[in-house]
1. Report, by residue number, each residue of the stretch 95-106 that is touching a residue at least 40 places away in the same chain (Cβ under 8 Å) and within 20 Å of LEU18 (Cβ to Cβ).
2. Given the residues ALA56, ALA81, ALA90, which is the only one that is buried (at least 16 other Cβ atoms within 10 Å of the Cβ), over 22 Å from ILE167 (Cα atoms) and at pLDDT 95 or above?
3. Taking the condition assigned to a strand (DSSP E or B), within 15 Å of ligand 1 (Cβ to nearest atom) and crowded, with 22+ Cβ neighbours inside 10 Å, does CYS213 pass?
4. Do we have any residue at all in the stretch 253-276 that's in a helix (DSSP H, G or I) and in contact with a strand residue (DSSP E or B) (Cβ under 8 Å, 6 or more places away or on another chain)?
5. Inside the stretch 140-156, can you point out the residues that are within 16 Å of ligand 2 (Cβ to nearest atom), under 20 Å from PHE106 (Cβ atoms) and either among the charged types (D, E, K, R) or assigned to a helix (DSSP H, G or I) (or both)?
6. Go through the stretch 261-284 and count every residue that is surrounded by fewer than 17 Cβ atoms within 10 Å (Cβ to Cβ) and in contact (Cβ under 8 Å) with a residue 40 or more places away in the chain.
7. Give the residues of the stretch 176-214 that are under 13 Å from PHE160 (Cβ atoms) and of a type in the set (S, T, N, Q), sorted by residue number.
8. With the checklist (1) under 16 Å from HIS184 (Cα atoms); (2) crowded, with 18+ Cβ neighbours inside 10 Å; (3) within 16 Å of ligand 3 (Cβ to nearest atom) in hand, flag the one item ARG229 doesn't pass.
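The values are calculated or read from the model by the stated rules, or taken from the named source; none is laboratory data. Model, not experiment: these values are computed from the prediction. Reconstructed Cβ throughout: ideal geometry from the backbone, glycine too, with neighbour counts over all protein chains shown.
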Amino acid sequence: MEELIIGSHVSFKKNDQLVGSVKEAISYGANAFMFYTGAPQNTSRSEIDIELTKEAKKLMKENHIDPRNVIVHAPYIINLASTGEKFNFAVAFLRQEIDRVENLGFDKMVLHPGSHVNLELEEGLQSIIDGLNLVLKKDTSVRILLETMAGKGTECGRNFEELKRIIDGVEKKDNIGICLDTCHIHDAGYDVTNFDEVLTQFDTIIGLKYLYCVHINDSKNVRESHKDRHENIGMGYIGFDNLLHIIYHEKLRDIPKILETPYVTSTDDSKEKIYPPYKIEIDMIRKKRYNSNLIEDIRTFYK
Ligand code: FE
Ligand code: FE
Ligand code: ZN
């Protein structure tokens, strides 16, 4: 029996880099994880430390974390759906980020396709295609996973058709794939309570062979709200049973499931603190039983 591949977003800090990320993932009982190589909202990055990377790989091996189940998320300010300076900057940064991912020994990077802002959708999609064709070189081993977006503002990739058009334009198909985010597709308008139908659509339009990662998040909003606000597992409009059906779906068995649910706030000794929900959420997912006391249990665990 194949084990469930599950993990969450973890931090990647300057001092201990990947070692810290792996330790954090282990503390959640995860066998997969995702991280940004620096702050998600900016592009300042420190040099990848070879010794720390080696130590982290050893730790991963000892704890049965397969490097193929580790995902890097590109910073979300990178916008390939742009022109001029902005476009050039995005391409240059993405190129460096691919090098960092290769240096770390991983092979998957999630990327938000971009927002076309004042360009027409068509122009935005073409810029994304051009950008991807510029960064993907003959010897590139990383696969860029375009994330399905909620359709906030002028986000590209709000439906399977748009993502398919980008893939069609990319020359190196071995270096492109999709990351499906449950909160995003729900917010975009897909009915995830009928996930088998959504998967069938995905397969018909894009092809399941392009699916390499699933972000598991509940949503704070109703379907088609285009809001993109993640909720803790079972506490939003998607609900526990629907998420469980996705997580344990036979067709997604070999694909890492990554939680990006919000931290829980708590006031301890009149100080505001925030706690990661992932250990308790992963626990609940493994037990396949909704914990109506989830938030309190998270607070109690870290107190
Ligand atoms: Fe994302
Ligand atoms: Fe996501
Ligand atoms: Zn999101």
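1. Within the stretch 95-106, GLN96, GLU97, ILE98, ARG100, VAL101, GLU102, ASN103, LEU104, GLY105 meet the criteria.
2. It is ALA56.
3. In short, yes.
4. Within the stretch 253-276, none of the residues are in a helix (DSSP H, G or I) and in contact with a strand residue (DSSP E or B) (Cβ under 8 Å, 6 or more places away or on another chain).
5. GLU147
6. Qualifying residue count, the stretch 261-284: 1.
7. Result: THR200, GLN201, THR204.
8. That leaves (2) as the condition not met.
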